[in-house]
Structure formats: C-alpha cells, structure tokens
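The next block holds one structure in the form of structure tokens; read it before the comments.
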Amino acid sequence: MVKTIDITPKVGIIKIFRNLDYSPWNALAEYIDNSLESYLRNEKILKERFGPNYHLKIDIQYDYESFVIEDNAAGISPGEDFERAFKAAEKPPKDSKLSEFGMGLKAASTWYSDFWEVITHSINSANQQVVSFDIPQILQENSGSISINSEKPIKSQPYTIVKLKKLRQIPQGSTIKKIKEHLTSIYRNYINNKSLEIYFMNEKLEYEMPEILKSPYYKNPQDSEIIWKKNIDFTYSNISNNKKFRITGFVALLKKMSTVKNGFALFRNNRVIEGNQHNDENFKPRNIFGSPSGHKSKRLFGEIHLPSDFDVRFDKGGFIINENFNNFLTKLEEYLRHDLNFPILQHASNFRSTKQINSDTAVKEATEGLKNIKREDLSKNLFDLKTNFKLTKDSEKFDSVSEIKSSWELFDVAHHEINWKVHVECYYNDNLDDKNLLKVISNQMLPKEKQGKNTFGIRLSLSHPFIKKHAGTDSSIIQPIIRFAIAICLTEIVANDIGEFDAVDFRRAVNNLLTKSLN
C-alpha cells in the first residue's frame, strides 16, 4: 500500500523570510523583476491598448519608515495568478524568466517589514484587488488563508503598488546611494533600450557606459588607434553531459584605469546577476584579470551574457559555482587569450598611457576631494594634538603579529651626508582597524636580519581607515603615500638626533627629501 504525505510549505515558512541573507538592493530588485516579467509577458496587449510608446515605469518612494513601490505593468490577474503570487514557494509558469523561484514578493516584503500591502489592478479586471499582511498575526493564528478586498481602481491603466510599512530594515546614508547604483547597474540593458524607467525618491536612474580605450597596439605605437572592445560570441559543450552553451557579450578596456569601474558584469535573462559597477562587487576572475593591483585588472571590463541554464542564488545576487560556471570561466579565458588578431589581454597588461596631463584638470581633480574634509573636525584634531602631544625619542616597538599579511622593501636614501637604509613594511591586519597609519622602528627593534648601521624601519598599515577609504588596494595610490611616509619618518629620526629642530625645519626637510631622494 502506498501512502502519501503533505509536504506543502506551512505558514511558518514566513519566519525564515525574515532572516534571509538579502541586501537592500537585491530585495528591491525582486519587485522590479516581477514588474518586468508582467510587462514583458503582456507587452503586446499593453501597447495595443495604450499606444506604441507605452513602456514600463517603476517608482520607488522611501521616507525611512516605509517603502512604496509602484509600477504600470499588467497587474496581477484575479484567480490562479493571484493565488500563486501570495502562496509561499509557489513557482510561476515554466516560461517565466525573471520571476522564477516563487518567493520574491513574499520573501523581500517580509524581510523588509512585518506589515505590508499589495494593491493591484489587472489588465484583465475591472476592479483593483487589495491584500494586507500582518505577519505577527498570521503566525499567531497559524492561518493559511488571507482576505482579498475588491475595490474600484484608482486609475484606468493597470498597476501594482506594494506598501512596506514600519520597516524592520531601514537603509540609511551610503546604503541609499548603493541601492541606486546597484539597481541602475542590474537593469542597465532595460534602461538603455528605453523599455524601463526606474525612479528612486523622484530621481530617474540612468546608466552610463564607461569610456573605452582607443590606442595603437602597445608593440606598434605608430600605428592607427584601435577601439579596444571585443564582441563575445562562442559556443562550447559541457564535459559531463555534452550540453551546449552559448556565451555572448563584450570585453573591453577602460580609457582610464579604475578599481571601481573595472570587472565583468555577468548577465542572465538580460539582467545583471553578478558584477555590479560602482561598488566593491565587480566580478574579476583571477585566471583572466591576474593580480588586483596590475594594469590588466584595472583596465578590463565587460558584459557577459550567460544562458538561463546557469543556476543562481535565491536572491539572484550571484551564480552558483558548479561545473557549468567553472567551465565557462575556462572557455572565456581561452577565447580571449588565443585570439591573436585582437590581443586584448596582452594590451591590457602592457599598455602605458603617454598622454600629457591637463594641468588645470589635474589641479581641479586633486583639490576637489579636499572639500570632503570637515574643517571643524580638523580644528579639533589639531587642538587635541597641541594639548596632548608629548615629545619623545623612544622608538616604537616592532610587534610581530601572526594575523597580519606583510611585505618588506629596502630603500637606500641619502640625507644630510648620511646614507640611510630604510626597511619599509606594508602590512594588513584582517582583524583590526589600525589607528596607527605610520610607525618608526629603530634599528635595535627591527628583526635581527634587517639590523645595521644607519638603519631604521617604517611600518605602513594598509588596514588604517585613511588607506582603506582613499587608496584601497590601488598600488598607484599607495606608492606615493609610502614615499611621503618615508620622508616624514626619516625627518623624525634626524630631528631626534639633532635635538633642536623646529616645525619649519621639519617641513623644509620633508620638502627636500620629496624633491630629491624620494622623487
């Protein structure tokens, strides 16, 4: 005798939604995915009814207490579609592309808030339908059903409005900026082809493609300029099941090297899954990009479209790393590396810009960032230094910490008729935000193998908040900072030896070093 058991998800699954590993932007993307799916499935009838220029508009309003997300897609049809939209883990039709897990609306709404409401007017209905969720009450009553109110629509065109009230997740500060950047990047293709407009707090989100490098091939600098963009279109077969996959898109080189705009954006169903620009999540596989501090890594960017067969995480914030994905990375590297007619990887590694810097622009850009310095904080900082500063000739101890990652470099510097040996250590401590950007280490405090006459050490912390914010891992920014650090620390050593060394002498000595030995 064969028995059956009920494995339908119970209402308690809603508790899990509260603790999902969403980001604020990926949660909001769930609503945009639903709107896009509704619009694309009904685009023909929408344009027939409302005109050929009809396109999808999504408006997101936020007041730090609530979100209101409104679209003009086809709405949620009463009946089967409506029931599926609100039933936990109820998968949509097989041909759905953007709404695929049957969780997005419920999961994202419950992650953001315990109190949310959906108002929708379907293209196939005369009335609007209103559904309100009170999650604590639903869990207390363990109720598997909810009331639907049918009302007169507020306008003739179809729409869906989601209201998230009494937010549990409250984006603030830089997170709001990241939300706008991520949503712009994720839906860049729909935005650029004019099929979608997104407004966030009344600001229209628009995507701007980075400038592409134009230059002769580095081996032939006298030749004509080449636009360094390579279109991607190749097919390969999976090893285990011989299934074929087609990869399309482009790979290009940035006009200006960047650690923000570089990296690949990986698409699936025409929306970005992994590798959003303007943030720290760019996709830069080591087998193609090499070292993060290298020229190639800072030049390469592109958009790669993967088939819908590739598995993604529940929040569509990344691809599942499996055989399909690893094979794709291998094939992409081979495709780029073996094209001798368009050696884009070689050019990315070896090209060096010889263009003269516009002095007016350079001065403006250099000083622009100083506007962010808070004058009041700087004044207080100087007052505290004057009040609490205590001159000492004692050297700071060299403390070898096992958790740090470090690299040493030896500099020979001539100053005041003395040849100094300066051991510079750059280090990073994963478990600490260092408060000391610079430390001077006297000869006797250095590791024994580095000690010697006229020798001292400098420790530069890459985990200091200043370095993290302004340099990151960009060696082109860190190297001048190191030279400035050497000048300051060397002058400190000389000042301690001389004894009488006023502030003006200190500044002049630093200037002298940066003009001569350290230039």
Between Phe310 and Ile226, what FRET efficiency comes out of the Förster formula 1/(1 + (r/R0)^6) with R0 = 35 Å and r the beta carbon distance, rounded to 0.05?
0.65
Convex hull volume per residue for segment 13-204, taking Cα atoms only, in Å³
120 Å³
Efficiency of FRET from Cβ geometry, Glu409 and Gln61, R₀ 35 Å, rounded to 0.05
0.10
Of Trp420, Trp228, how do they rank once you tally other Cβ atoms within 10 Å and put the fewest first?
Trp420, Trp228
Can you put Glu449, Glu43, Glu274, Glu323 in order, fewest other beta carbons within 10 Å first?
Glu449, Glu323, Glu43, Glu274
Quick one: which residues, 5+ away or cross-chain, put their amide H under 5 Å from the amide H of Glu197? H built at 1.01 Å from N.
Leu56, Lys57, Ile58
Under a crude label model (7 Å from the Cα following the beta-carbon direction), how far is Asn350 from Arg168 in nanometres?
5.7 nm
Where labels lie 7 Å past Cα in the beta-carbon direction, separation of Leu139 and Asn341 in nm:
6.1 nm
Neighbouring Cβ atoms within 10 Å as the yardstick, rank Tyr112, Tyr159 fewest first.
Tyr159, Tyr112
Please give the length that would be gained between Thr515 and Gln479 if that part of the chain were fully extended, namely 0.36 nm times their separation in residues minus their C-alpha to C-alpha distance (nm, one decimal).
11.4 nm
How far apart, in nm, are two points set 7 Å out from the Cα along the Cα-to-Cβ line at Asn53 and at Ser147?
4.3 nm
Sort 305-311, 105-111, 266-272 for me by packing, meaning the mean count of neighbouring Cβ atoms within 10 Å per residue, highest on top.
105-111, 266-272, 305-311
Please list, in order along segment 18-31, the HN-Hα scalar couplings obtained from phi with the Karplus expression 6.51 cos²θ - 1.76 cosθ + 1.60 (θ = phi - 60°), rounded to whole Hz, x for Gly and Pro.
4, 10, 5, 8, 7, 9, x, 6, 5, 5, 5, 4, 4, 5
Mind listing P(r) for segment 214-350? All alpha-carbon pairs, 5 Å bins, whole percents.
2, 10, 20, 23, 20, 14, 7, 4, 1, 0, 0
Fully extended, how many nm does the chain gain between Asn238 and Lys331 (0.36 nm per residue separation, minus their Cα-Cα distance)?
32.4 nm
Between Arg84 and Glu449, take the C-beta separation as r, use R0 = 56 Å, and let me know the FRET efficiency to the nearest 0.05.
0.20
Output the peptides 46-58, 291-303 sorted from most to least packed, where packing is the average of other Cβ atoms within 10 Å over each peptide's residues.
291-303, 46-58
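Every number in this text was worked out from the coordinates using simple rules, so none of it is lab data. Values in this document were obtained by computation on a predicted structure and should not be read as measured data. With ideal geometry, Cβ positions are generated from the backbone for all residues, glycine too; neighbour counts draw on all protein chains shown.
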